[in-house]
Every structure is written in structure tokens, then in C-alpha cells.
Amino acid sequence: MRAPLAFAAAGLLAISLPAAGALAQVAIESQRVTFRSGADSTLLKGQLKGDQTVDYKLRAGAGQTLTVELKGSNPQNYFNVLAAGTDTALFIGSSSGNRFRGLLPSDGDVRVRVYLMRPAARRNEASTYSLTMGIGGAPLAPVPASRDALIPGTPYHASADVPCVSGSSGKGASCKASVIRRANNSATVVVTIPGGQKRQFLFVRGKAVASDQPEKLSVQRRGDVSVLTLGDNLERYEIVDALVVGG
């Protein structure tokens, strides 16, 4: 492992914190993370006090593996991981611990959000921490438009309405699914659920392997359909193979 080349503070951005477990509305400091040439990980050090929150942004690609480890002087010091293109954490440290390793479903800036839990923040406690971040593997490149035409004005190669269930009612519905096809029969499928929220799923060699949500992803095969379930069956999506790899 080698030390970082540099990372630049990018000012303060006021946004809500539904997934951070800290205060409901705080100013989040954003810092860009880069690695030294040839390195695939870096060690960062920082301090938090009260409701201070830091987003460490790292450019990555779909199919790469992100690893994160946090060591803080305050036991209420945690981190979340947010995939590119979403404000929902796919990993929540306060319930899952201070180590993460997982596949990224999308291209862009993954965010590692470091914070103090609400009780510690309200008491204006502090923490000194070290954060190790690493990226492994090669990204799965999108198929160029010259080989598979894009829907005009979008990054998607195709879209379709798919059967879905979302919410505690268990009522079936239709959701729009759009796909970015990638090398080796891989893809990112983005499902828009009723209400406009999105779910991102990574398929590798035709098989769904990861999502941008914290709930466990389960996959069942029914003929040429992958039935994707998040958590305790409250969300379910049926994705046909032809959408993922092309017909």
C-alpha cells in the first residue's frame, strides 16, 4: 500500500442524511481521494467533532471491488458507502461494522461517508480516525454505441417495463428498467420504482451479483428471467435475460 497523492477539499454541501445515522441536516465536507501512480489503496486520517460529516469521493467503475476499513478513537464513529448515482447507502456501518468489501454496481463517484452517531454528535463528542480505501479489479466497460445503439439522450442501451413489487403492501406493479450493457455479457440495470426512486443492479456474465441497496440481494431463476429480491421480500423485480444481454 502506498500513501495518497493528494485529495482536495471541495467546500461544504448542505444535504439531508437519511442513511448516515447522524443528524438530519448537516453540512457535509467533500474530499476527493486519489491514489499514487500504480497504487490501488490509500490511508487517510482525519478528525470529527459533533455533527461533522465527511464524504470521501473516489472515482470507480461498475464491477470493481471497493474495500474500506475505519479505525476511530470513538466507538460511535462509523462510515457508510454510497454507490455512484444514489443517495441511499449500500453499506451502513452502524449496523454492519467498520469493514466493507463489495462490488460496485455503477460508474462514477463512490462516496464513503464518515460520521458520528446521533447521540455522540449531540454530546459534541470527537473522534480521531484512520480510513483505508482500496479499489480492485478492472471496471466493466459499457458497450460502445457503435456496437449497441443508445436510447437518444441517455446512457442506456435499452429499456422495458418489468413486473415488480415494492413496499409493504406486496402489491404487484410495473416498473421501468433501463440497462447499460457492458463487456462479457455484464450490465447495470436501473429500475425506477413507483414514486421515482431508483434501484441499481449489477449483472456479471448474465448473473445478478450486487445492488446499490443495503438489503441482501437474493436471486432466483425462472426460465429466462432473474427474479431479484431485496431484503425480506418487500421488493422484487423480474428481469428478462434479453434486456441484460440483448436479444
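Derivation of every value follows stated rules applied to the coordinates shown; laboratory data play no part. Everything numeric here is computed off the predicted structure, so don't read it as measured data. We place every Cβ from the backbone using ideal geometry, glycine too, and count neighbours over all the protein chains shown.
Tabulated data for the structure shown
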quantity	calculated
Charge dipole (debye, nearest 20) of the stretch 68-132; +1 at Cβ of Lys and Arg, -1 at Cβ of Asp and Glu	280
The stretch 9-136: radius of gyration and largest Cα-Cα distance (Dmax), Å	13.6, 42
Listed residues THR53, THR154, THR132, most fluctuating in the chain (Gaussian network, C-alpha, under 10 Å)	THR154
DSSP beta bridge pairing in the chain, given as percent antiparallel to the nearest 5	95
The chain: most fluctuating residue of ARG181, ARG205, ARG111 per GNM, C-alpha cutoff 10 Å	ARG205
For ALA183, residues with placed amide H under 5 Å, excluding near neighbours	ALA141, VAL143
Mean separation of Cα contacts under 8 Å, 6 or more apart, over the residue count of the chain: relative contact order %	17
Sites THR128 and GLN197, calculated FRET efficiency, Cβ-Cβ separation with R0 25 Å, nearest 0.05	0.10
Value of Rg/Rh across the stretch 165-208 [Cα atoms, Kirkwood radius]	1.07
With 5 Å bins from 0: P(r) over the stretch 155-247, alpha-carbon pairs, percent	3, 15, 28, 29, 17, 6, 2, 0
Å³ per residue enclosed by the Cα convex hull of the stretch 121-188	224
Pairs from LYS49/LYS216; LYS171/LYS216; LYS49/LYS71 whose Cα-Cα separation, in the structure shown, is over 25 Å	LYS49/LYS216
Derived scalar couplings ³J(HN,Hα) [the stretch 207-214; Karplus, 6.51 cos²θ - 1.76 cosθ + 1.60; whole Hz; x for Gly, Pro]	10, 6, 10, 7, 9, 9, 10, x
Rg and Dmax [Cα atoms of the chain; Å; Rg one decimal, Dmax integer]	18.9, 58
